[in-house]
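Enquirer: Okay, here's the structure, questions in a sec.
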Amino acid sequence: MTLLLSVVIPLLNEEENIPILYQELMEVLVPLEEEYEIVFIDDGSTDRSLALLRDIQQKDNRVVVVSFRKNFGQTAAMAAGFDYATGDVIITMDADLQNDPKDIPLLLAKIKAGNDVVTGWRYDRKDAFINRRLPSIIANKIISKTTGVNLHDYGCTLKAFRKEVIKSVKLYGEMHRFIPAIASGMGIDFTEVKVNHRARRFGSSKYGISRTIRVVLDLMTVKFLLSYSTRPIQVFGLMGVVSGGIGFLLALVMTIQRQFFGVPLSDRPLLFLAVLLIFIGIQFISLGLIAELQARTYHESQNKPVYHIKKVYRTEDGEQVVRESDGWPIAN
Ligand code: UDP
Ligand code: MG
């Protein structure tokens, strides 16, 4: 059975890279035994990128170009690519030639072997050490520790996804690098493969060191969504109870000392701490309750289930059937 492969490529001002990229893609995709399409997302380029892409698109009917009104960022561009991709397998990559299209067959083979997500690992990464690779090494370690997903390289855009996975993931902020972590929360099988990485020859990188901070902030969101989004009171409530409890105990001790032992309260800074802890406790618990309301609105308004089904086995008209979660019968 041939698959339809969608290659999704977000880009911003990559005019020198586009013709070479297309050439390299053709060298890999044409000999493949699969159907393919290429979805370019022009993320508000101000150079000749869009004109070049339209040129290619007019000559090749397997190319789709999505053009943004302004620059919405790489993650948003990828989200648009997922919406416009029609393939069974979706492959994402950068347009700056840093990812090598020659790795596509490798990723595809891993998907065919049964993985839902395959991510590239730039084991020999060609970027500056101090401001790119070092922060990335640290960030990758932190992400692995917090999410419990063990990958060497979250930042590599070269990844392959089965369409069922990607269609149920919503992306915000700098989230595209967390798709494996988000997917792991859905109980999905994924693996990592070593991929080639090349130095940027044309154009310039769109990011600096400040991205590390944004990634860490997004990591907190992902961690929260993964672990507690359906029961926020468990996090905030716990913090509230601990803080309020300590505050209450301190206040109790001071009250007893004041009432029965005549210890004055006037020069005791501890009193402030007790009051503060009680206040924080109340705040946290209220926050947890509000978050609980939010969680319900979030899931119910969008019909978002709190679970993810792989298959359903049942008897229909006296026959045993196996269905995918979206209701389609599947052959197996
Ligand atoms: N990109 C984009 N929108 C942006 C920034 C970047 O579509 O706002 C694209 C960019 O054209 C490239 C990919 O995302 O194809 C990765 O960007 P870059 O090479 O600058 O990142 P780095 O490789 O330095 O991490
Ligand atoms: Mg790059």
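The values are calculated or read from the model by the stated rules, or taken from the named source; none is laboratory data. Remember, predicted model here, so these are calculated numbers, not experimental data. Neighbour counts run over all protein chains shown; Cβ positions are idealised from the backbone, glycine included.
Enquirer: Residue under question is residue 5, and the condition is that it be in a strand (DSSP E or B), touching an Asp or Glu at 6+ places or on another chain (Cβ under 8 Å) and crowded, with 21+ Cβ neighbours inside 10 Å; does it hold?
Expert: yes
Enquirer: Does residue 94 fit the bill of being charged (D, E, K, R) and either touching a residue at least 60 places away in the same chain (Cβ under 8 Å) or farther than 16 Å from residue 166 by Cα (or both)?
Expert: So residue 94 passes the test.
Enquirer: Report, by residue number, each residue of the stretch 306-325 that is surrounded by 10 or more Cβ atoms within 10 Å (Cβ to Cβ) and of a type outside the set (Ser, Thr, Tyr).
Expert: 308, 309, 310, 311, 312, 321, 322, 323, 324
Enquirer: Follow-up question, since we're still on this one. Check whether at least one residue in the stretch 105-117 is among the hydrophobic types (A, V, I, L, M, F, W, C), surrounded by fewer than 21 Cβ atoms within 10 Å (Cβ to Cβ), over 23 Å from residue 20 (Cβ atoms) and away from ligand 2 (no atom under 16 Å from the Cβ), and report yes or no.
Expert: yes
Enquirer: Continuing with this model, one more query. Within the stretch 75-103, which residues are within 15 Å of ligand 2 (Cβ to nearest atom), closer than 20 Å to residue 16 by Cα and surrounded by fewer than 21 Cβ atoms within 10 Å (Cβ to Cβ)?
Expert: Selection gives 94, 100.
Each row is one residue, and each column tells you yes or no for (1) more than 11 Å from ligand 1 (Cβ to nearest atom); (2) in a strand (DSSP E or B); (3) in contact with a strand residue (DSSP E or B) (Cβ under 6 Å, 6 or more places away or on another chain); (4) farther than 18 Å from residue 158 by Cα.
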residue	(1), (2), (3), (4)
23	yes, no, no, no
36	yes, yes, yes, no
64	yes, yes, yes, yes
77	no, no, yes, no
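Enquirer: Out of the residues in the stretch 93-110 meeting the condition of being within 19 Å of residue 152 (Cβ to Cβ) and part of a helix (DSSP H, G or I), tell me which one is nearest to ligand 1 (Cβ to nearest atom).
Expert: Only one residue fits best here, namely 103.
Enquirer: Given the conditions (1) acidic (Asp, Glu); (2) touching a residue at least 40 places away in the same chain (Cβ under 8 Å); (3) within 16 Å of ligand 2 (Cβ to nearest atom), which single one is not true for residue 153?
Expert: (2)
Enquirer: Something else now. Being assigned to a helix (DSSP H, G or I) and among the β-branched types (Val, Ile, Thr) is the filter here, so list the residues in the stretch 111-142 that pass it.
Expert: 111, 130, 137, 138, 142
Enquirer: Looking only at the stretch 164-177, count every residue that is aromatic (Phe, Trp, Tyr) and in contact with a Phe, Trp or Tyr (Cβ under 7 Å, 6 or more places away or on another chain) and tell me the total.
Expert: Of the residues in that region, 0 qualify.
Enquirer: Under 8 Å between Cβ atoms, which residue pairs at least 6 apart in sequence (or on different chains) link something in the stretch 187-204 that is at negative phi and among the polar types (S, T, N, Q) with a partner that is part of a loop (DSSP other than H, G, I, E, B) and within 13 Å of ligand 2 (Cβ to nearest atom)?
Expert: So the pair list comes out as 196/100.
Enquirer: On to the next question. Does residue 82 count as within 23 Å of residue 167 (Cβ to Cβ), away from ligand 1 (no atom under 13 Å from the Cβ) and in contact (Cβ under 8 Å) with a residue 12 or more places away in the chain?
Expert: yes
Enquirer: Tell me the residue from 140, 115 that is of a type in the set (S, T, N, Q), out of contact with any strand residue (DSSP E or B) (no Cβ under 9 Å at 6 or more places or on another chain) and under 27 Å from residue 167 (Cβ atoms), please.
Expert: When all the criteria are applied, what remains is 140.
Enquirer: Go through (1) free of Cβ contacts under 8 Å to residues at least 24 places away in the same chain; (2) over 30 Å from residue 141 (Cα atoms); (3) surrounded by 12 or more Cβ atoms within 10 Å (Cβ to Cβ); (4) not small (Gly, Ala, Ser) one by one and return the number of the condition residue 276 breaks.
Expert: Condition (1) is where residue 276 drops out.
Enquirer: Considering only the stretch 121-138, I want to know if a residue exists there that is more than 16 Å from ligand 1 (Cβ to nearest atom) and within 25 Å of residue 207 (Cα to Cα).
Expert: no
Enquirer: Considering each residue of the stretch 159-168, count those that are buried (at least 19 other Cβ atoms within 10 Å of the Cβ) and out of contact with any Leu (no Cβ under 8 Å at 6 or more places or on another chain), and give that number.
Expert: Total satisfying the criteria: 4.
Enquirer: Do we find that residue 46 is among the hydroxyl-bearing types (Ser, Thr, Tyr) and part of a loop (DSSP other than H, G, I, E, B) in this structure?
Expert: Yes: the conditions hold for residue 46.
Enquirer: Which condition number does residue 276 fail, the rest of (1) over 30 Å from residue 177 (Cα atoms); (2) modelled with pLDDT under 90; (3) among the hydrophobic types (A, V, I, L, M, F, W, C) being met?
Expert: All conditions are met except number (2).
Enquirer: Here's a check for you: in the stretch 83-105, which residue that is of a type in the set (Ser, Thr, Tyr) and over 14 Å from residue 118 (Cβ atoms) is farthest from the chain's Cα centre (by Cα)?
Expert: So the residue we want is 86.
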